[in-house]
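Have a look at the structure below, then the notes.
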Ligand SMILES: [Zn+2]
């Protein structure tokens with residue numbers, strides 16, 4: 001075996017370590033259990049003697065359930081496009097446009113003035129909504145590749161991570177720095 005054995009930088013052992021990616025892939029229900037049991041049995045013999053037997057079992061462990069652990073160790077989420085938030089503006093445009101149409105249909109002088117005003121407001125709202133959508137599209141085009149590149153880098157690091165059950169933290173063997181589980185997300189972004 002030419003490869004150097006992977007050990008936890010915190011405790012210096014390898015008996016409690018697992019690859020983070022395989023732990024998460026398994027996603028098993030629990031890592032260890034804590035249970036206590038106590039039982040009593042009574043016996044009644046045919047000659048009249050009675051007996052009582054007691055059994056006690058205690059299994060103690062460190063009770064982090066693996067589903068929680070998988071959640072804590074889960075890979076960084078892939079960034080996606082920001083959905084345009086213009087539905088409210090578009091609805092406003094629609095309502096004002098409709099009111100303007102009714103005002104024009106009424107054909108009286110006052111209604112016509114109101115119709116022109118509402119039409120102008122509707123055009124303004126449409127312009128706002130349109131430019132905002134454009135801006136968001138542009139942001140998606142420029143920001144998303146950056147965020148995706150950061151995510152891919154974080155994923156490459158995540159795939160190398162090991163988890164030590166004894167110290168409840170992760171480490172990258174090549175780097176040898178121990179990271180408490182709560183700081184994993186920040187660590188992956190570095
Ligand atoms: Zn350790």
Some residue of the stretch 121-128 being closer than 30 Å to residue 75 by Cα and either surrounded by 14 or more Cβ atoms within 10 Å (Cβ to Cβ) or over 48 Å from the mean Cα position of the chain (by Cα) (or both): no
Scope the stretch 137-171; condition under 24 Å from residue 12 (Cβ atoms) and more than 21 Å from the chain's Cα centre (by Cα); matching residues: 164, 165, 166, 167
Filter result for residue 93 (surrounded by 14 or more Cβ atoms within 10 Å (Cβ to Cβ) and either modelled with pLDDT under 85 or more than 30 Å from residue 143 (Cα to Cα) (or both)): yes
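Is one or more of the residues making up the stretch 27-34 modelled with pLDDT of 65 or more, surrounded by 14 or more Cβ atoms within 10 Å (Cβ to Cβ) and within 26 Å of the chain's Cα centre (by Cα)?
We begin by selecting, within the stretch 27-34, every residue modelled with pLDDT of 65 or more; these are 27.
Within this subset, residues satisfying the condition of being surrounded by 14 or more Cβ atoms within 10 Å (Cβ to Cβ) are none.
Taking every residue of the stretch 27-34 in turn, none turns out to be modelled with pLDDT of 65 or more, surrounded by 14 or more Cβ atoms within 10 Å (Cβ to Cβ) and within 26 Å of the chain's Cα centre (by Cα).
To keep it simple, each residue is scored yes or no on (1) in contact (Cβ under 8 Å) with a residue 60 or more places away in the chain; (2) surrounded by 14 or more Cβ atoms within 10 Å (Cβ to Cβ); (3) touching a strand residue (DSSP E or B) at 6+ places or on another chain (Cβ under 9 Å).
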| site | (1), (2), (3) |
| --- | --- |
| 103 | no, yes, no |
| 114 | no, yes, no |
| 119 | no, yes, no |
| 131 | no, no, no |
| 136 | no, yes, no |
| 146 | no, no, no |
| 162 | yes, yes, yes |
Options 169, 176: the member that is surrounded by 15 or more Cβ atoms within 10 Å (Cβ to Cβ) and in contact (Cβ under 8 Å) with a residue 60 or more places away in the chain: 169
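The values are calculated or read from the model by the stated rules, or taken from the named source; none is laboratory data. Treat the numbers as computed from the prediction; the structure is a model and nothing was measured. Quick reminder, even Gly has a Cβ in these numbers, built from the backbone with ideal geometry, and neighbours come from all protein chains shown.
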